[in-house]
Each structure stands twice: as structure tokens, then as C-alpha cells.
């Protein structure tokens with residue numbers, strides 16, 4: 001029998017051992033697995049800070065460095081572990097503006113508190129493992145009297161094990177030695193995602209996100225989430241050495257305009273999440289809500305005023321070139337006939353655009369705003385207004401303008417030509433969106449950088465561009481069928497995109513003419529309809545003129561298709577080749593199918609349907625759509641979940657189906 005003093009000593013020793021398990025430096029790597037156990041992250045927290053990722057036991061990333069180079073020191077060079085914390089999270093949240101109305105957030109988290117051995121500075125790295133990917137971020141605490149920090153470089157790496165096939169944005173940037181020049185990171189991020197190898201990515205320039213790659217274990221897409229008060233993430237390939245086939249991509253951040261490094265942050269501060277979306281098939285990435293799950297919850301207490309829907313567009317694209325009351329009333333009238341919620345009053349409606357005398361509150365003489373508002377209200381249509389970003393910014397003009405727009409009953413603003421994603425511009429997006437929310441205005445950024453989950457945090461920022469969309473048909477032939485069926489696997493992984501579908505003057509690649517009025521759209525009529533199902537955007541801005549849409553084959557589909565969904569499933573798909581997906585809205589199902597320039601038949605099981613009989617209305621390419629792309633056929637019949645539908649798709653074509661359960 002132990003004496004009381006001995007027992008007391010054993011208790012103290014046991015407590016110290018338990019404390020040491022959580023707080024002492026670890027010589028062995030720390031592991032974090034996804035809830036299903038198939039994705040694993042391993043972190044070496046001592047010495048040079050590195051992590052690696054496996055899927056089903058197969059390496060996706062080799063040891064990849066982590067860290068930040070600050071103006072007053074480097075983090076991640078030689079660390080020791082101070083503390084670890086672990087959590088398991090399994091919650092759901094409502095998303096009225098996405099690909100599913102109830103989103104499950106199920107992940108495991110590993111939080112590491114680390115100390116840099118030189119200088120003794122502490123910081124955290126947080127990892128989260130989901131069944132569909134991994135996210136990690138840095139956290140910089142306040143301490144030792146420090147109030148802010150300047151980031152000179154992010155040292156994050158993605159060390160892929162092999163020279164994988166990838167799809168990356170084709171964008172020309174300045175050489176790395178001119179890295180600090182603003183022009184190297186500027187642009188509208190409207191690019192193709194070219195099929196290439198990781199080793200084809202340039203060393204001396206940067207590549208934008210998302211980037212999709214096919215590893216030996218899974219499909220992986222790199223992007224970021226919860227981008228707030230930070231500079232946007234880009235990538236640069238590291239030079240390959242020693243004949244290795246492995247390829248490492250390094251983080252690059254857009255520099256600040258004031259020369260104060262890449263990021264200047266007040267402490268404490270967290271970086272955005274660095275995101276790896278992971279799926280055994282590329283379609284699983286389309287289904288993922290990982291970017292939203294890693295973003296902050298809504299900051300709008302009552303978002304009931306935020307309404308999705310289709311929108312008419314009195315655009316330069318459709319060939320009118322006019323900006324007057326009578327022209328815009330044609331679009332309002334058509335939106336009313338179609339049952340669409342909105343009409344966009346495009347550029348040129350206000351005085352002094354892009355000048356020091358710009359006045360966002362004063363319409364030009366040809367635009368009778370009072371009459372437009374009256375007519376739109378009579379027709380049950382709400383107006384959006386286009387704005388040039390510098391006109392919004394100068395002298396804080398948005399404050400007076402947004403207050404007036406709320407009195408006018410304006411639904412939203414489309415703000416254009418920012419073409420930057422440095423820290424100041426990232427903060428400007430949030431400032432404008434916050435001001436929009438205060439005045440019940442929706443926001444659509446054009447000339448914009450990729451989405452990063454802002455639609456969850458500020459759901460009034462309901463869509464954005466940052467996409468090579470339908471407008472390019474006006475002056476080029478870049479919006480190919482291959483591009484259209486690549487976008488769901490690349491750009492749309494980051495979030496909603498304002499592609500402006502709905503061009504009804506359809507042409508084949510050999511027929512298509514550029515720089516003509518009215519604008520022609522590459523691909524078939526059915527292919528344009530499929531974009532309304534296959535692309536994500538709570539606001540769908542329809543590109544064409546009422547004269548080209550009214551009473552045309554297929555226009556009836558645009559009276560019934562929703563823009564947000566309760567459920568999304570990808571039935572089959574190959575990047576740049578074809579996609580078949582279904583979405584549920586209430587009790588109805590909608591199917592969308594796209595193909596590249598290859599004629600194909602996609603045999604599609606209807607087992608996603610529930611029990612009973614369903615009325616199927618099917619809009620699809622006609623037999624002669626390869627020569628007459630405006631032609632489509634419509635079929636209607638009764639089907640059940642046990643049947644298979646053979647979708648015949650013409651080159652550049654598609655199909656859409658609506659399923660309604662019979663009583």
C-alpha cells in the first residue's frame with residue numbers, strides 16, 4: 001500500500017505527463033484524417049514546417065513547406081510545437097442561394113500552436129479535413145506589444161508527387177523579376193483553362209486559380225476560401241531539379257499598391273484558407289460545398305430580401321447600342337412576359353461616366369429614370385443599375401448613391417472593371433458589399449477576381465464575373481464548346497459565375513462571325529439552354545435581345561428553370577468533353593447536359609427520380625443541329641425511375657429536361 005505522499009507524487013507525475021502530451025514538442029509527425037478516413041494530412045511541426053496529403057494511402061502531395069516571411073522575421077523555418085488542439089465538427093446550415101439548400105459541414109480540425117526557435121514568435125496553423133478535401137490557414141496572434149504585421153511573401157507550397165495532367169488559367173503575366181509590378185497581377189481573370197502538364201506551367205510567371213489537376217490518387221483542385229483583408233492567392237511553378245518528375249507549385253500574393261509588401265494586417269489576424277478540393281471523379285468536385293464551408297457565416301441578420309432569379313439585359317451585346325427609355329422598356333416588358341424578376345440597366349445611363357464629374361444619381365437626358373421605375377413596378381420587375389467602379393469609389397460617391405437607390409426601389413448594382421485582387425481591392429469589395437447590404441442592394445462584381453465564398457458571408461454579393469463568358473462571342477471565337485464544358489470543372493468550383501447565357505442566334509464554329517450586330521453565339525440552341533442548369537449563379541443574366549428570344553423554340557424553358565437548387569448530382573462527366581447533371585428544386589428535377597465538339601450519346605439512368613410516374617419534357621438538339629444549330633426538338637412523355645434516357649448531343653450541343661411528378 002502506497003503512502004499518501006507517494007500517491008500525491010504519482011498524481012502530480014501523471015498530470016505532468018498528460019500536459020506534456022498536449023504541449024511538449026513532438027518528434028513524430030501529427031496526422032489528421034477526414035471523417036471517412038480516406039484523406040489524410042500529416043504535419044511535421046518541428047524544424048522546417050511541412051505537411052503532406054494522401055488519398056486512400058496514395059500520396060497526393062509530398063512534403064510541402066508552410067510559412068510566411070514577414071518584414072521582421074520568418075515563420076515556418078525552424079519551429080517547435082507548443083500545443084495541439086483537435087475538434088470534430090458535424091453541423092448543417094441553410095443555403096438558399098446555392099447548389100443545395102441544406103449544407104453539411106462535417107470535418108475534423110487540427111490546430112497547432114507553434115514557436116519559431118529564432119526570435120520566439122508564436123503563430124498557429126489550422127488544418128481541416130473533410131471527405132471532399134482539405135483546408136488550412138495561418139493565424140497570427142497579437143503579442144509582445146506587436147499591433148500589426150507586414151507580409152513580404154507567403155511560403156506555402158503544393159509539392160505534387162508527379163507531373164500530373166492539369167487545367168490552368170491561360171493568362172500572360174510579367175516575369176518573376178518584375179513581381180512587384182502591379183500589372184503582373186491585374187486583369188479580369190477571363191481566361192481558358194488549358195489542358196496541359198504541371199511542368200508546362202511557367203516558372204517565371206504566375207498562374208491564377210482555381211487550378212485542377214489529376215493525381216494518381218484523385219482529382220484535386222486548388223483555390224482559396226474566406227479571402228478577407230488579405231491579398232488573393234496565385235501560384236508559380238518551382239524549377240525542377242535533379243531530373244525529378246515531381247512538380248512543386250508555390251504561393252504568390254498580389255502586392256499592395258502602396259509598396260507596403262503584399263499584406264499589411266492588424267493583429268490578431270487569420271489568412272484565407274488554402275483549399276484542396278478532392279474527388280475520385282471530377283464530378284464530385286462540382287458537387288462540393290467545401291469553399292462555402294470554409295467561409296464565415298452570413299453577416300446579414302435577415303437575408304429574406306435577397307431574391308435569386310433571371311434578369312433581362314439591355315446590353316451592347318445584343319446589338320441595340322441604345323440607352324434610352326423606350327429601348328429599356330422593351331426589356332422590362334419582356335422580363336414581365338417571361339416572369340423574370342429583374343432587368344439590368346446597363347452602362348451609359350448616368351452622367352459623366354469615368355470622369356471626375358461622374359454623378360451616379362443623375363441619369364442622362366435620354367433616360368427617364370422615374371418613368372422606368374414606374375413602368376417596371378407596374379410590370380412586377382425590379383431594376384439593377386450598372387456602375388463603373390472608379391465612379392463608385394471617388395469621394396465615396398456610393399454612400400449617397402446607394403441611399404438614393406434604396407429610395408428608388410433598385411434591386412442591385414453591377415459594378416465593373418476593378419481588374420485587381422490585391423489587399424486594398426479585396427477590402428474594397430467587402431466595403432461596397434457591406435454598404436449594399438445596409439441599403440438592401442444586391443451586388444454583382446464584373447471585371448472581378450474569382451469567388452472565395454463571399455456569397456455565404458455576404459449573401460447580397462450574389463454573383464460575380466471573373467469568367468470568360470458569353471460576351472466574348474461578340475469579338476472572338478474563344479467561347480468554344482470545349483471551354484463551355486471545362487468551366488464547371490474549373491472556374492465554377494470557386495463559386496457562382498455571371499456567364500450571361502441565353503444567346504439565341506446560334507452558329508457552328510464554321511458559321512460563327514465576330515464583330516457583327518446582332519451578336520452570334522457559338523454552339524446549339526439546346527447547348528445554350530443547358531448552361532442554365534450546368535452553371536451556378538443565383539442571378540442569371542440572359543444575354544440576348546427580346547426580338548431574338550420571343551416565341552423562339554426553347555424560350556419556354558426559360559420560363560420554368562430556377563437559378564438556385566435544393567440538391568445537385570453529377571451523373572457523368574469528363575473535363576472538357578461532356579457533363580450530365582441533375583438538380584432538384586422542390587419536388588421537380590431538372591437535367592442539363594453539355595458536350596464538346598464531338599457528337600455523343602449519353603445513356604443516363606433516371607434512378608435519381610423517386611417512386612411513381614413523372615412527366616418528362618425534354619428539349620434537345622435536332623437531327624440537323626450540326627448544320628442548323630438554332631434547331632431543337634421537344635419531346636414530352638411519362639417516365640419512371642427505372643428507365644434510361646439516351647441523350648443525343650450534337651457538336652457544341654446539349655439538352656435540358658424537366659421532370660414533374662404525376663399525381
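The values are calculated or read from the model by the stated rules, or taken from the named source; none is laboratory data. Keep in mind it's a predicted model, so treat the numbers as computed, not measured. Note that we place each Cβ from the backbone using ideal geometry, even for glycine, and neighbour counts take in every protein chain shown.
For the range 378-467, please list each of the helices (runs of 4 or more DSSP H) lying entirely inside it that holds at least 1 residues being over 15 Å from the mean Cα position of the chain (by Cα). Walk me through it before giving the result.
Details: elements: 389-393, 397-408, 423-438, 454-457.
Ranges flagged: 389-393, 397-408, 423-438.
List the number of the failed condition for residue 643; all other conditions in (1) closer than 28 Å to residue 195 by Cβ; (2) more than 22 Å from the chain's Cα centre (by Cα) hold.
Looking at each condition in turn, residue 643 falls short on (1).
Output the number of the condition that residue 519 fails; it satisfies all remaining conditions of (1) out of contact with any helix residue (DSSP H, G or I) (no Cβ under 6 Å at 6 or more places or on another chain); (2) over 19 Å from residue 491 (Cβ atoms); (3) assigned to a loop (DSSP other than H, G, I, E, B).
(1)
So, in the range 322-342, of the ones that are within 31 Å of the chain's Cα centre (by Cα) and closer than 20 Å to residue 552 by Cα, which residue ends up surrounded by the fewest Cβ atoms within 10 Å (Cβ to Cβ)?
Per the stated criteria, the residue is 339.
Which numbered condition in (1) outside any helix (DSSP H, G or I); (2) exposed (fewer than 15 other Cβ atoms within 10 Å of the Cβ); (3) in the same structural domain as residue 498 (by TED's automatic domain parsing) is the only one that residue 301 fails?
Among (1) outside any helix (DSSP H, G or I); (2) exposed (fewer than 15 other Cβ atoms within 10 Å of the Cβ); (3) in the same structural domain as residue 498 (by TED's automatic domain parsing), the lone unmet condition for residue 301 is (3).
From the list 263, 247, pick out the single residue that is surrounded by 15 or more Cβ atoms within 10 Å (Cβ to Cβ), in contact with a strand residue (DSSP E or B) (Cβ under 8 Å, 6 or more places away or on another chain) and either more than 29 Å from residue 122 (Cα to Cα) or without any contact (Cβ under 8 Å) to a residue 24 or more places away in the chain (or both).
Values: 263 fails: either more than 29 Å from residue 122 (Cα to Cα) or without any contact (Cβ under 8 Å) to a residue 24 or more places away in the chain (or both).
Within the list 263, 247, the selection yields 247.
Can you name every residue in the range 53-112 that is out of contact with any strand residue (DSSP E or B) (no Cβ under 9 Å at 6 or more places or on another chain) and assigned to a strand (DSSP E or B)?
The first filter runs over the range 53-112 and keeps only residues out of contact with any strand residue (DSSP E or B) (no Cβ under 9 Å at 6 or more places or on another chain), leaving 58, 96.
Of everything in the range 53-112, just one residue is out of contact with any strand residue (DSSP E or B) (no Cβ under 9 Å at 6 or more places or on another chain) and assigned to a strand (DSSP E or B), namely 58.
Restricting the search to the range 419-435, which residues are buried (at least 23 other Cβ atoms within 10 Å of the Cβ) and free of Cβ contacts under 8 Å to residues at least 40 places away in the same chain?
429, 433
Residues that are closer than 18 Å to residue 597 by Cα and either in contact with a strand residue (DSSP E or B) (Cβ under 7 Å, 6 or more places away or on another chain) or buried (at least 20 other Cβ atoms within 10 Å of the Cβ) (or both): does the range 509-517 have at least one? Before you say what the answer is, go through the steps one by one.
Step one: list which residues in the range 509-517 are closer than 18 Å to residue 597 by Cα, which gives 509-513.
Pick out the ones that are also either in contact with a strand residue (DSSP E or B) (Cβ under 7 Å, 6 or more places away or on another chain) or buried (at least 20 other Cβ atoms within 10 Å of the Cβ) (or both) and you get 509, 512.
For the range 509-517, residues closer than 18 Å to residue 597 by Cα and either in contact with a strand residue (DSSP E or B) (Cβ under 7 Å, 6 or more places away or on another chain) or buried (at least 20 other Cβ atoms within 10 Å of the Cβ) (or both): present.
Would you be able to say whether some residue in the range 179-191 is at pLDDT 95 or above and either in contact with a strand residue (DSSP E or B) (Cβ under 6 Å, 6 or more places away or on another chain) or on the phi > 0 side of the Ramachandran plot (or both)?
no
For (1) more than 29 Å from residue 332 (Cβ to Cβ); (2) surrounded by fewer than 19 Cβ atoms within 10 Å (Cβ to Cβ); (3) touching a helix residue (DSSP H, G or I) at 6+ places or on another chain (Cβ under 8 Å), each residue gets a yes or a no:
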position: 560; (1), (2), (3): no, yes, no
position: 591; (1), (2), (3): yes, no, yes
position: 606; (1), (2), (3): yes, no, no
position: 611; (1), (2), (3): yes, yes, no
position: 616; (1), (2), (3): yes, no, no
position: 626; (1), (2), (3): yes, yes, no
position: 637; (1), (2), (3): yes, yes, no
position: 644; (1), (2), (3): yes, yes, no
position: 658; (1), (2), (3): no, no, yes
